[in-house]
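Please read the structure below before turning to the comments.
What follows is calculated from the coordinates using simple rules that are stated; it is not laboratory data. Just so it is clear, the model here is predicted, and its values are computed rather than measured. Glycine also receives a Cβ, built like all others from the backbone with ideal geometry; neighbour counts cover every protein chain displayed.
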Amino acid sequence: MPLDDAVAARLDRFLHFTPAGMVADTGKALLVAGDYDGAPAVAKLLTDHAQMWRRRFAAETRAYEVAADHPPPVGAPRLLAADTEAGILILQHMSGRPAATERHPAAPLPPRSSAAVVGAADAVAAWSPPTEAFTPVFGYPQRFTRYGPAGYGLLTQEDVRRLTLIYTALAEVQGVWVVAHGDALPANIHIDGSMVMMLDWEWAGLYLPGWDHALLWDSNHDTWKLVARHHGYDTP
């Protein structure tokens, strides 16, 4: 898809990037394919400048900077250029195909894809970059309330109370916070032969252990039941 003049003008400052055309509009950002000094690259241009998305854009930039100095044990795009204030990132193009084209696949993933996705979550969980490079992404108690009777109604008031007590005890344990990708859904995980790569690190930050795995479980229960049974765990 050809670029309009406004998008082209935003990219003019990046002299090493040659745009080829727009490939996606996520609703909060545009993705533009091109090359950077002759190598395939993608430009990400923020279009929703609400404070939350500006924070997440800055967090994504920081995640790529940390990954450059402390490479994670899973593939991640290399940051080629950035202007966080203007909401523009230029990233290495990652090859391969997504493990799923939908954020929440309706059918179980093929065994090879599900193994790759779980392996990616395992790899990030084992990553040990400097934790001071990241901050907690959100407040857990506020999330409990959001899903309680006053919000979505998925939790009872007693659920909220108990979860808050558990969180309070865990949050005070030194070293309990870990770095997670934050949005480790199959659509954000690309597979190219034996290589597995994770894209879209805008939700990367500090979480309680197990966040990425829980998100995978929520994305498609049937797939992760099969994975759990393969590893000898009983599932309902």
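Report the chymotrypsin sites (Phe, Trp or Tyr not before Pro) located in the range 81-188 that are in a DSSP loop and have at most 12 other Cβ atoms inside 10 Å of their Cβ, or state none.
Sites meeting the loop and neighbour criteria: Phe138, Tyr152.
Apply the a/c threshold of 1.5 to the C-alpha gyration tensor of the range 5-92 and tell me whether it is rounded, prolate or oblate. Working shown, then result.
Values: a/c = 1.78, a/b = 1.13, b/c = 1.58.
Taking the square roots of the gyration eigenvalues as a ≥ b ≥ c, the range 5-92 is oblate.
List the residues whose amide H sits under 5 Å from the amide H of Ala41, counting only those 5 or more places along or on another chain, with H placed 1.01 Å from N in the peptide plane.
Gly34, Asp35, Tyr36, His93
Rank the residues Val179, Val66, Val23 as a footprinting-exposure proxy: fewest other Cβ atoms within 10 Å of their Cβ go first.
Listing Val179, Val66, Val23 from fewest to most nearby Cβ atoms yields Val23, Val66, Val179.
Counting Lys and Arg as +1 and Asp and Glu as -1, what is the net charge of the other residues whose Cβ lies under 14 Å from the Cβ of Pro141? Numbers along the way, then the final one.
Values: positive: Arg143, Arg146, Arg161, Arg162; negative: Asp159, Glu172.
Net charge around Pro141: +2.
In degrees, nearest 10, range 0 to 90: what is the angle between the Cα axis of helix 221-230 and the longest Cα principal axis of the chain?
For helix 221-230, the angle is close to 70 degrees.
Using modelled amide H (1.01 Å from N, peptide plane; none on Pro or chain starts), what sits under 5 Å from the amide H of Leu3, excluding residues fewer than 5 places away?
It is Met22, by chain and number.
Could you tell me which label, among [x] 56, 41, 31; [y] 65, 37, 30; [z] 56, 38, 33, carries the value of Cα extents along the principal axes in Å calculated for this structure?
The value matching this structure is [z].
In degrees from 0 to 90, rounded to the nearest 10, what is the angle of the helix 157-171 Cα long axis to the longest principal axis of the chain?
Approximately 70 degrees, to the nearest 10.
Between the range 28-59 and the range 145-187, what is the separation of their alpha carbon centroids in Å?
Distance between centres, Cα-based: 29 Å.
Taking the simple approach of a point 7 Å from Cα along Cα-to-Cβ for both Ala126 and Ala81, what is their distance in nm?
3.7 nm
So which GluC sites (Glu not before Pro) in the range 86-170 pass both tests, a DSSP loop state and at most 15 other Cβ atoms within 10 Å of the Cβ? Write out the running numbers ahead of the final one.
Working: sites: Glu102, Glu132, Glu158; in loops: Glu102.
Taking the range 86-170 and a limit of 15 other Cβ atoms within 10 Å, the loop GluC sites (Glu not before Pro) found are Glu102.
Helix 111-126 against the longest principal axis of the chain: what's the angle in degrees, Cα atoms only, rounded to the nearest 10?
The helix 111-126 is inclined about 90 degrees to the chain.
Please report the net charge: other residues with Cβ closer than 13 Å to the Cβ of Val160, K and R +1, D and E -1.
Details: positive: Arg143, Arg146, Arg161, Arg162; negative: Glu158, Asp159.
Local charge sum for Val160: +2.
How large is the helix-only mean residue ellipticity at 222 nm for the chain, computed as the sum of -39500 (n - 2.57) over DSSP H runs with n ≥ 4, divided by its residue count, in deg cm²/dmol to the nearest 500? Could you put the intermediate results ahead of the total?
Numbers: 7 runs with 83 residues, N = 236.
Using -39500 (n - 2.57) per qualifying helix, the result is -11000 deg cm²/dmol.
What is the sum of charges around Met198, taking Lys and Arg as +1, Asp and Glu as -1, for the other residues whose C-beta is under 10 Å from the C-beta of Met198? Let's see the in-between values first.
On the way: positive: none; negative: Asp183, Asp200, Asp212.
Result for the neighbourhood of Met198: -3.
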